[in-house]
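All remarks here apply to the structure that follows.
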Amino acid sequence: MMPGERAPDPREARNTAEFLARLQALKDWSGLTYRELSARAETHGEVLPRSTVANMLARATVPREELLTTFVRACGVGPGDLEEWQAVRRELAVRGVYAPVDGDPAGAGAEAGAEAEVGAEAEAEGDAEVDGTAPAPDTAPAPSPGPAPSPSPTPAPAAGPSVVWPRDPAGPPEDAPGPRPGPRSRIGRGLVATVALAGLVLAGVSVVAFLRDGHGAHPPRTLTAPAAGDVRIRVIGPDLCLGERRGSRTGQIHQVPCPDAKVPTYGLEEAGGGRWRILSDHPDYGPGCSGIPSGGRIPDAAYEDSECGDPSRVEEFVLEPYGTPVEGYRIVPAGSATPGSCVTVVGDREAAWARLAQAPCAPDAAGQLFSFDRRS
């Protein structure tokens with residue numbers, strides 16, 4: 001924050017979108033990163049995970065009062081200004097608009113509707129918001145001032161950029177300009193046809209042998225068992241690697257082309273009892289852990305990166321071998337409230353930027369097998 005610069009005033013907001021925009025402006029005013037906000041909250045004996053703040057700022061509804069209080073206090077707002085944020089939030093939660101009356105600049109008129117807010121807000125936000133773990137679009141921009149959005153169904157996860165595959169260098173080249181060849185003799189044409197036919201037969205035999213040996217669109221790579229240290233986590237099958245979208249605030253993990261899987265970097269750490277922690281190191285947010293929010297209570301909860309040590313998240317996993325011989329390793333959340341779950345590529349499992357989430361472990365382990373390649 002700049003010396004002498006006043007924090008954003010919540011009383012200038014007239015609807016939910018403007019209020020959320022001022023929350024984003026408050027974070028910018030504080031000058032703190034998500035990680036630093038979490039650390040500041042800890043000094044007050046409170047918990048404020050990075051993913052919780054990101055989801056709060058990306059939602060279209062006002063946050064719960066306890067989450068707002070923790071966030072505003074972590075940003076450095078004093079008790080008097082904190083009461084203004086709480087009062088405006090109550091008014092928006094009850095009426096959807098904020099219109100302070102004369103002599104009531106902090107929206108104290110909302111107090112009369114506070115009891116009605118409890119039932120209405122609980123029904124609108126659901127249990128997931130208690131932890132601040134409700135899913136949010138991966139690339140949702142920070143809300144900007146404008147009219148309050150109309151209710152809409154929960155958006156599907158944002159799709160990643162389409163992958164443009166390069167032309168096969170072994171394929172036929174485009175016609176090159178030049179003089180047309182002259183007429184061939186009958187013998188020459190017959191010889192060319194014979195050679196071409198022989199070439200097609202040999203090519204067909206080679207393709208059959210190639211497929212019979214287990215090769216295909218994705219050349220086989222060496223499977224690497226989990227071991228402590230720096231790793232690149234590769235999805236078996238499409239040979240894509242795990243990573244985040246740079247600039248995203250949600251921590252959502254996707255499968256991306258391995259050369260692009262640079263954010264964050266991953267490592268494995270033994271947690272004892274056959275369990276592992278999957279450590280992440282993000283260039284913007286610093287060290288963290290991969291995990292499942294809300295203790296795994298949500299069956300399709302996102303597999304995401306956030307700060308380590310959040311008691312509401314599952315941050316330990318069993319890396320379970322699958323198949324005989326071993327075809328890959330499942331990432332099984334340890335102690336998830338939804339038993340029988342595995343970290344799974346959901347959506348188009350061959351596509352780059354498909355997201356990962358908790359899902360039932362499948363008998364064929366489709367989209368659930370990984371290799372922990374050593375990273376030099």
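Below, the figures for the structure above:
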quantity: For region 350-364 versus region 271-307, the gap between their alpha-carbon centres in whole angstrom; calculated: 16
quantity: Cβ-defined net charge surrounding Leu57, 10 Å radius [Lys, Arg +1; Asp, Glu -1]; calculated: +3
quantity: Per-residue Cβ neighbour rank within 10 angstrom, fewest leading, Val332, Val72, Val326; calculated: Val326, Val332, Val72
quantity: Net charge over other residues, Cβ less than 15 angstrom from the Cβ of Gly273 (K, R count +1; D, E count -1); calculated: -3
quantity: Overall dimensions of region 322-376 by Cα: Rg and Dmax, Å; calculated: 12.0, 36
quantity: From phi via Karplus (6.51, -1.76, 1.60), per-residue ³J(HN,Hα) for region 86-98 in Hz, x at Gly/Pro; calculated: 5, 5, 5, 4, 4, 4, 5, 5, 8, 10, x, 9, 10
quantity: Approximate shape of region 229-374 as ellipsoid semi-axes (Cα gyration tensor, √5λ), whole Å, largest first; calculated: 19, 18, 15
quantity: Packing-based exposure ordering (other Cβ within 10 Å, fewest first) of Trp85, Trp29, Trp353; calculated: Trp29, Trp353, Trp85
quantity: Proxy reagent accessibility, fewest Cβ within 10 Å first, across Ser312, Ser371; calculated: Ser312, Ser371
quantity: Net charge, Thr338 excluded, C-beta distance under 13 Å - Lys, Arg +1, Asp, Glu -1; calculated: 0
quantity: Under-5 Å amide H pairs with Ala301, H placed in peptide plane, nonlocal only; calculated: Gln358
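No value in this document is a laboratory result; all are computed from the given coordinates. Quantities reported herein were computed from a predicted structural model and do not represent experimental measurements. Neighbour counts are summed over all protein chains in view; Cβ atoms, including those assigned to glycine, are modelled from backbone coordinates with ideal geometry.
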